[in-house]
1. Which condition number in (1) of a type in the set (Asp, Glu); (2) buried (at least 17 other Cβ atoms within 10 Å of the Cβ); (3) over 15 Å from the mean Cα position of the chain (by Cα) is the one that residue 99 fails?
2. Could you tell me which numbered condition residue 152 fails, if it satisfies all but one of (1) part of a helix (DSSP H, G or I); (2) of a type in the set (D, E, K, R); (3) in contact (Cβ under 8 Å) with a residue 24 or more places away in the chain; (4) surrounded by fewer than 22 Cβ atoms within 10 Å (Cβ to Cβ)?
3. Among residues belonging to segment 1-23 that are in contact with a Leu (Cβ under 9 Å, 6 or more places away or on another chain) and modelled with pLDDT of 95 or more, point out the one that is surrounded by the most Cβ atoms within 10 Å (Cβ to Cβ).
4. Among the numbered conditions (1) surrounded by 16 or more Cβ atoms within 10 Å (Cβ to Cβ); (2) at pLDDT 95 or above; (3) of a type outside the set (A, V, I, L, M, F, W, C), tell me where residue 46 comes up short.
5. Just to verify a result, which residue in segment 50-75, among those that are of a type in the set (A, V, I, L, M), at pLDDT 95 or above and more than 12 Å from the chain's Cα centre (by Cα), is surrounded by the most Cβ atoms within 10 Å (Cβ to Cβ)?
6. If you go through segment 77-84 one residue at a time, do you hit one that is surrounded by 14 or more Cβ atoms within 10 Å (Cβ to Cβ), part of a helix (DSSP H, G or I) and either free of Cβ contacts under 8 Å to residues at least 60 places away in the same chain or in contact with an Asp or Glu (Cβ under 8 Å, 6 or more places away or on another chain) (or both)?
7. Please enumerate the residues belonging to segment 155-169 that are within 16 Å of residue 106 (Cα to Cα) and either buried (at least 16 other Cβ atoms within 10 Å of the Cβ) or modelled with pLDDT under 95 (or both).
8. Looking at segment 91-138, which of its residues are under 17 Å from residue 44 (Cα atoms), part of a loop (DSSP other than H, G, I, E, B) and of a type in the set (Gly, Ala, Ser)?
Amino acid sequence: MAQKKQSGSMPNAHLHELFVDELKDILGAERQLLKGLKKLKDAANSETLSKAFQTHYEQTEGHIERLKSVFGELGLTARGKKCKAMEGLLSEAEEIIEEFQDSPEVVDAALIAAAQKVEHYEIASYGCLVTYASLMGHKEAQELLGMTLAEEKDTDALLTEIAMSEANS
């Protein structure tokens with residue numbers, strides 16, 4: 001009930017339910033991703049790529065903590081939901097690992113492609129969340145989510161760099 005009162009006094013309150021639903025979705029996605037990143041790391045041939053996956057794993061743990069802070073700022077319990085998009089992306093990554101495991105010259109390029117699909121999903125999700133937070137005047141949420149968005153973009157750029165310098169050469 002307090003949630004309804006709070007949302008009624010903020011600008012663009014009509015976005016509140018969508019914002020919370022998207023927060024739950026990305027929290028679930030980030031938790032699912034932790035498991036997926038372990039598999040990607042283990043499947044990588046390149047030490048550089050393996051380290052990039054390990055770094056992103058550690059960042060993802062931080063992303064989850066930031067999301068918990070955002071939920072706290074909104075007076076809500078941090079509860080995720082199963083993210084069907086992430087489930088599909090990670091399932092596709094597992095198929096790629098299986099399909100190309102005997103082709104070390106291809107597997108890293110395939111892993112990068114799978115990982116960048118995940119990154120692009122996360123970039124789109126966090127981009128929307130930052131916008132919603134801004135429109136509703138949730139300044140701290142906007143800042144926290146913006147930090148994660150920047151890290152997701154940096155990870156995407158790093159994967160491109162590894163692809164161009166190692167995996168696709």
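The values are calculated or read from the model by the stated rules, or taken from the named source; none is laboratory data. What you see is a predicted model; the values in this text were computed from it and never measured. We place every Cβ from the backbone using ideal geometry, glycine too, and count neighbours over all the protein chains shown.
1. Just one mismatch for residue 99, condition (2).
2. For residue 152, the exception is condition (4).
3. Ranking the candidates gives 23 first.
4. Just one mismatch for residue 46, condition (2).
5. Ranking the candidates gives 70 first.
6. No: segment 77-84 contains no residue that is surrounded by 14 or more Cβ atoms within 10 Å (Cβ to Cβ), part of a helix (DSSP H, G or I) and either free of Cβ contacts under 8 Å to residues at least 60 places away in the same chain or in contact with an Asp or Glu (Cβ under 8 Å, 6 or more places away or on another chain) (or both).
7. 159, 162, 163, 164, 165, 166, 167, 168, 169
8. Once the filter is applied, which keeps residues that are under 17 Å from residue 44 (Cα atoms), part of a loop (DSSP other than H, G, I, E, B) and of a type in the set (Gly, Ala, Ser), segment 91-138 yields only 103.
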